[in-house]
1. Projecting each Cα onto the charge dipole of segment 151-251 (Lys/Arg +1, Asp/Glu -1 at the beta carbon, about the Cα centre), which of G207, L183, A232 comes out farthest on the positive side?
2. If a/c stays under 1.5 just call it rounded; otherwise compare a/b with b/c (prolate if a/b is bigger, oblate if not). Do that for segment 93-198, with a ≥ b ≥ c from the square roots of the Cα gyration tensor eigenvalues.
3. Go through segment 112-207 and name the trypsin sites (Lys or Arg not before Pro) that are in a DSSP coil and have 15 or fewer other Cβ atoms within 10 Å of their Cβ.
4. Any idea how far apart L166 and L128 come out in nm if each label point goes 7 Å out from Cα toward Cβ?
Amino acid sequence: MQLLAWTIIGALLGLAVGSAIATLVIRWPAGRTMGGRSACDHCATPLRAVDLVPLVSFAVNRGGGWSCLNPIDRLHPAIELAAAAVGASALLVLPGIAGLSLAAGGLLLLTLAALDAETLWLPDRLVLPLALLGIADAALFHPEQLEVRLIGMVAGFVLLESVRRLYRRLRGREGMGGGDPKLFGALGAWLGWPALPAVLILAGGAGLAWVLVRRLRGRDVPVELPLGSLMALGAWPLMLLGAAEIGIGRS
């Protein structure tokens, strides 16, 4: 029952934060403010209390705004559901305060993945806190991992940054965004250096699967792929697996 309670807490926490993440992903790249009272993205009508409940307003209004009935951006329910899954899975494998720390890292990673998927943008203002939170998580809850995580943070950044610069020098153009090495370093701060090759392998597999699905559906494949999103997709299961091993070791 205690494990179920923590899982529910994680899901509710994820839903609440996911609503803010979705709003940030939609508004920040467009230069819109996050402050002030929440309002409809189409007609700017202030939202009622029921419209602020994650997923509820989308279901009640059948995907439309309550005032102008214009369709709500599908990013809202998608990100809210993903955030609920992140929170629930984090507290399921590692109940307690350490699990809340893992959930916070997962939700930051989700925000970056969504921004990269939508805009190919990995802002430093989110990547740096993700890295620092990973090191703080190790120092507070898993001190035995601190050294490998510090090495992972440095090695992850240096590795991809070296590849990025080498490609630019040889080809005379950018082949990778400047945020990708920073994110890889942040993932190293959570996973440690031994897990970094697995992140790249899983990211590559996810990218190939995505390309294959698009081709089978007769859709064009973009020239630029969101490497940050793919790395996040590969890293989160590894973060959960590591947390589960920690939880088993302590039980």
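1. Going by the Cα projections, it comes out as G207.
2. Taking the square roots of the gyration eigenvalues as a ≥ b ≥ c, segment 93-198 is oblate.
3. R173
4. 2.9 nm
Where a number appears in this text, it was derived from the coordinates with a stated rule and is not lab data. These numbers come from a predicted model, not from an experiment. Methodologically, a virtual Cβ is constructed for each residue, glycine included, from the backbone with ideal geometry; neighbour enumeration extends over all protein chains shown.
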